[in-house]
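The block underneath contains the structure these notes are about, expressed in structure tokens.
Values in this text are rule-based calculations from the coordinates and carry no lab data. Not measured: the values here are computed from a predicted model. FYI the Cβ positions are ideal-geometry reconstructions off the backbone, even for glycines, and counts take in every protein chain you see.
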Amino acid sequence: MRLTDILAVEEWQRFAAEIFEKYGMNAAINDSEGNVIHPAPGWANEICPLIKGDPQRRVVCASAQQNMMKVAKDKNITIIEECDVGFTKFVVPIFYKNEFLGTAGGCGVVLKGSEIDTFYLAQLLNKTEEEVEKMLSSVKEISEEELKQAVEFVERRIKEIVEK
């Protein structure tokens, strides 16, 4: 069974767009192999497309996604962590009749009180720290409560989708 067996790609895309519109996060629906099943509905900031748009930099996102997806699958729980850059990321596992189909989640924001490693980001993007500082102004800062609301929204929608 695949994610597209329980919902059409267009509906998954609509769900991702809801996450982006409501919470300002990069939204992704990934299949059980970690492949994104639709294009990104929008970007949470101006840094993420620079990372995800380059095959060598993309590893930063892909490794976080793969690691979080494995834990979400193995424990059947939502995982919230920071990627190597320092952006907050969450993944919600999608199971249908005990079969793992993939994850849904969001990223590209910073939890209030967290720090972004500007030196690392400057090295990764081949930019100066001053350029990175300017780009960081596009990153939305969210509270624990806002993150909790986003996670609960995704969990609730996944439950509704799977129960249909």
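See the values below:
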item	result
Sorted by Cβ neighbour density within 10 Å, fewest at the top, the residues Leu111, Leu3, Leu124	Leu111, Leu124, Leu3
Theoretical gain in end-to-end length, Glu33 to Val162 [0.36 nm per residue, Cα-Cα removed]	44.6 nm
For the chain: relative contact order, % (alpha-carbon pairs under 8 angstrom, 6 or more apart)	23
Phe95 long-range amide H proximity, modeled H, under 5 Å	Leu101
DSSP-defined beta bridges in region 3-163 - what % are antiparallel, rounded to 5	90
Of Ala62, Ala104, Ala16, the one that fluctuates the most in a GNM where the chain has Cα springs shorter than 10 Å	Ala62
Kirkwood Rh and Cα Rg combined as Rg/Rh, the chain	0.97
Length gained when the stretch Ser137-Asp54 is fully extended (0.36 nm per residue, less Cα-Cα span)	27.7 nm
Length added when fully stretched, Gln149-Ala62, from 0.36 nm per residue minus Cα-Cα	28.9 nm
Distant-in-sequence amide H partners of Lys140 (H built 1.01 Å from N, under 5 Å)	Val110
Least to most buried among Phe153, Phe119, Phe90 (fewest other Cβ within 10 Å first)	Phe119, Phe153, Phe90
Region 48-139 - Rg over Rh from alpha carbon coordinates, Kirkwood radius	1.04
Order of Ile79, Ile161 under a 10 Å beta carbon neighbour criterion, fewest first	Ile161, Ile79
Compactness index (Cα Rg / 2.2 N^0.38 Å), region 14-68	1.11
Among Glu81, Glu115, Glu18: highest mean-square fluctuation, GNM of the chain, C-alpha pairs under 10 Å	Glu115
Span from the region 24-74 Cα centroid across to the region 120-149 one, whole angstrom	16
